[in-house]
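The values are calculated or read from the model by the stated rules, or taken from the named source; none is laboratory data. Small disclaimer: the values here were computed from a predicted structure and weren't measured. Positions of Cβ are generated from backbone atoms using ideal geometry, with glycine treated the same way; all protein chains shown enter the neighbour counts. In case anyone asks, the SASA skips ligands and DNA or RNA and just uses the protein heavy atoms, side chains included. Shrake-Rupley method; radii C 1.70, N 1.55, O 1.52, S 1.80 Å.
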Amino acid sequence: MSKLKPPHLIRHLMVKGCMGEFAAGSSAFNPDESIALVRYFARLAAARTAETTDQLVEIYRAVGEASMSRYKPAQKVACSKGCGSCCHQQVSVNAVEVFYIARRLRRTKAIADHEVRIATKLAAGRGDLTRVIDPANPCAFLVDGMCSIHVDRPFACRAMVSLDLPACLRRFESGTGLIPYPVANDPIKQWLNVSLWTAMRVNGLPPHTYELTAAIDAVLHDPSIEDDWYAGVDRMDSAIDDRVPDHFPPGDALQALARL
């Protein structure tokens, strides 16, 4: 199946980002944009192909990046190349991003190196989950202090940025204190995820969230997992992130909005 052409409003969101009001973590989104996003995500999810799944991921990320850029704080982001403090925690990821990243990894010349690091990470376990950031638990894709899949990194990583380097270092070294981040990023991420989860549930697809490394490892070793997932059978169940509850089934009104 060829790629579906995004309607005008979706193309606008990909370039300009969402219209919304953000203050103290609260948010108000434009309902027309929200309806359009749910409907288009549902159309892409209904196709159940690798091509439309990749298109869904690219639109999901483009809308998120444009929206966060639109509401960028006046304060400069403290993150810079070589700073990997936040890359020492468990990363939660949705299924379509797992398939997207695994597909990209298979095409790289460094796939063998990635597989070694993934195996090492899994053998070491998930680390101290009582800490958000655990110095003893680096991401499998962190190489020499830099993300080796930076271009394809999950949206959760894209949304996690810091406005205060000393706060990051305190959290990394002692596990104490909070890291200031752009106030709009979290509601934007939640808005996108609710739209994506709704599209999945409407189409009967598994609604789970996964631990990045274990899920990528499973799909790299058995690409047929993706086809089974499209059929509603979740064979990544051992990688489900039990910190994140299964997402709510969409209400009747939201299902109607997403109806094909």
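Just to check, using Stokes-Einstein with a Kirkwood Rh over alpha carbon pairs, what's the diffusion coefficient of the stretch 13-163 at 4 °C and 1.567 mPa s in µm²/s?
For these conditions, the coefficient is 74 µm²/s.
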> Which distance in Å, rounded to a whole number, links the C-alpha centroids of the stretch 10-39 and the stretch 100-135?
Replying inline: 33 Å
> Ignoring any ligand, DNA or RNA, what whole percent of the accessible area of the stretch 1-128 comes from carbon and sulfur when the probe is 1.4 angstrom?
Replying inline: 56 percent
>> Run the helix sum for the chain: -39,500 (n - 2.57) per DSSP H stretch of 4+ residues, divided by residue count, reported at 222 nm to the nearest 500 deg cm²/dmol.
In response: -15500 deg cm²/dmol
> Once the principal axes of the Cα atoms of the stretch 1-84 are found, what is the range along each, listed largest first in whole angstroms?
Replying inline: 44, 35, 19
> Out of ALA119, ALA46, ALA36, whose Cα points farthest toward the positive end of the dipole of the stretch 10-121 (charges: +1 Lys, Arg; -1 Asp, Glu; placed on Cβ)?
Replying inline: ALA119
> Across all directions of projection, what mean area in square nanometres is found for the Cα convex hull of the chain?
Replying inline: 13.9 nm²
>> If packing is taken as the average number of other Cβ atoms within 10 Å across a peptide's residues, how do 59-68, 182-191, 159-168, 230-239 rank, most packed first?
In response: 59-68, 182-191, 159-168, 230-239
> At a 1.4 Å probe radius, carbon and sulfur cover how many percent of the accessible area of the stretch 176-215?
Replying inline: 59 percent
> Pairs LYS5/LYS109; LYS5/LYS81; LYS16/LYS72: which are spaced more than 23 Å apart, C-alpha to C-alpha?
Replying inline: LYS5/LYS109; LYS5/LYS81
> Relative contact order (percent) for the stretch 97-170, with alpha-carbon contacts under 8 angstrom and 6 or more residues of separation?
Replying inline: 26 percent
>> Leaving out ligands and nucleic acids, and using a 1.4 Å probe, what accessible area per residue does the chain come to in Å²?
In response: 48 Å²
>> Only Cα pairs within less than 10 Å get springs; with that Gaussian network setup on the chain, which residue of ASN193, ASN94, ASN30 has the largest fluctuation?
In response: ASN30
> Looking at the P(r) of the stretch 72-226, how many percent of alpha-carbon pairs lie beyond 19 Å?
Replying inline: 58 percent
> Counting alpha carbon pairs within less than 8 Å and at least 6 residues apart, what relative contact order, in whole percent, applies to the chain?
Replying inline: 26 percent
